Amino acid sequence: MQISLSASDLRLSRQIRRKDLVLAMNITGHTKLTALLGSPVSHSISPLMHNEAFRILNLDYAYLCFDVTEATLPAAIEGLKACRIRGFNLTMPCKNLAAELVDELSPAASLIGAVNTVVNDNGVLTGHNTDGVGYMRSVKDAGYDIIGKTITLMGCGGAATAICAQAALDGVDTIHIFARPTSRFWERTVHLAQAIHERLSCKVFVHENGDLPALREALCQSSLLVNATSVGMAPHTEETILPDTSLFHPNLIVSDIIYNPRETLLLRQAKAAGCQTFNGMYMLLYQGAEAFRLWTGQEMPTAQIKEKFFS
């Protein structure tokens with residue numbers, strides 16, 4: 001997953017480190033290019049963490065951002081492929097269309113129908129989805145164990161379905177998904193639920209997000225609520241996916257994949273209701289670490305990246 005981070009959210013010391021990082025990069029005739037495609041991308045933190053990881057490991061790679069929409073994505077991919085890019089990430093609104101434009105899909109990406117990481121092997125583009133891996137690792141990193149438990153997931157876009165699939169693969173018992181039936185991803189989410197029922201022991205139920213009785217019942221049973229939509233993301237920081245605060249209960253952990261702002265209105269309201277909360281910062285770190293491994297064959301030095309850019 002990639003989510004825009006406003007420049008004001010980075011402290012002065014981080015801005016200084018960014019300048020130092022740019023000056024320290026040595027581009028050669030052998031430098032392998034990686035990138036982020038999406039819109040908007042200008043304030044993404046991904047270039048900082050990937051380029052710093054390349055520097056730490058002394059790898060001749062560079063990571064750039066390109067503002068690309070669904071309309072321009074096919075041409076962008078063809079152009080980057082012609083330039084022999086090593087790989088790239090995708091963020092909103094490009095994840096779903098990308099799954100149709102690559103040559104091959106990983107098992108997870110095929111199940112989900114969305115791609116956030118592409119690897120170029122001699123002109124063959126393989127689409128992967130590392131969002132789910134990143135989210136589940138962030139849950140563990142935050143100190144929570146949801147294996148064998150029930151969770152509620154808001155949304156049915158690329159990030160939501162990635163989290164759903166990985167949670168099911170990892171052993172979550174029951175997943176309730178709430179989304180708009182008018183969403184273009186609704187049918188895909190229903191098919192994902194059916195596929196999980198056929199292949200795994202996890203039970204997945206898809207509900208209309210206007211079904212408040214079902215939402216109340218699901219949250220009463222759930223250990224974790226996940227907002228996997230963009231509702232509440234800057235600049236629309238006074239919006240929330242769950243306006244009825246009576247639905248919170250103290251045993252509910254509330255998570256938001258958004259990290260700009262770092263504490264959304266949803267998280268503020270949940271905290272006021274006695275819930276434990278965490279945001280999407282480490283999901284970003286760990287999904288990026290998996291992409292880094294796919295491109296380079298090496299593990300990202302996540303402890304150093306976390307200390308430098310996420311503390």
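The values are calculated or read from the model by the stated rules, or taken from the named source; none is laboratory data. Keep in mind that this is a model prediction, so the values were computed, not measured. No Cβ is skipped: glycine too gets one built from the backbone with ideal geometry, and neighbour counts run over all protein chains shown. Note: areas computed on protein heavy atoms with side chains; ligands, DNA, RNA excluded. Shrake-Rupley method; radii C 1.70, N 1.55, O 1.52, S 1.80 Å.
Points worth noting:
- Projecting the Cα positions of Gly158, Leu215, Thr189 onto the charge dipole of the stretch 155-311 (unit charges on Cβ atoms of Lys, Arg, Asp and Glu, taken about the Cα centre) puts Gly158 furthest along the positive direction.
- Quotient of the Cα radius of gyration of the stretch 55-120 and 2.2 N^0.38 Å, N being its number of residues: 1.16.
- Scanning the chain for GluC sites (Glu not before Pro) lying in DSSP loops with no more than 13 further Cβ atoms inside 10 Å, the longest uninterrupted stretch between such sites is 1-237.
- Cα-Cα over 26 Å, subset of Lys32/Lys95; Lys140/Lys306; Lys32/Lys308; Lys81/Lys308; Lys149/Lys308; Lys203/Lys306: Lys81/Lys308; Lys149/Lys308; Lys203/Lys306
- For P(r) over Cα pairs in 10 Å bins from 0, in percent, computed directly from the structure shown, the correct entry in (1) 6, 28, 35, 22, 7, 1, 0; (2) 6, 27, 38, 25, 4, 0; (3) 5, 22, 30, 24, 14, 4, 0 is (1).
- Between Arg293 and Glu70, the FRET efficiency from the beta-carbon distance, with R0 = 25 Å, is close to 0.35.
- Shown for the chain: the carbon plus sulfur share of the solvent-accessible area, taken with all protein chains present and a 1.4 angstrom probe, equals 52%.
- Debye intensity ratio I(q)/I(0), log10, the stretch 215-298, q values 0.15 Å⁻¹ (C-alpha model): -0.56
- Evaluated at q = 0.15, 0.17, 0.22, 0.24 Å⁻¹, a Debye calculation over the C-alpha positions of the stretch 21-82 (equal weights, vacuum) places log10 I(q)/I(0) at -0.51, -0.63, -0.93, -1.02.
- For the chain: accessible area per residue (Å², 1.4 Å): 43
- Residue among Asn96, Asn251, Asn26 with the largest mean-square fluctuation in a Gaussian network model of the chain, springs linking Cα atoms under 10 Å: Asn26
- Distance cut-off 13 Å, percentage of C-alpha pairs in the stretch 207-254 lying past it: 61
- Between Phe178, Phe66, Phe278, the residue with the greatest mean-square fluctuation in the GNM of the chain (Cα pairs under 10 Å linked by springs) is Phe66.
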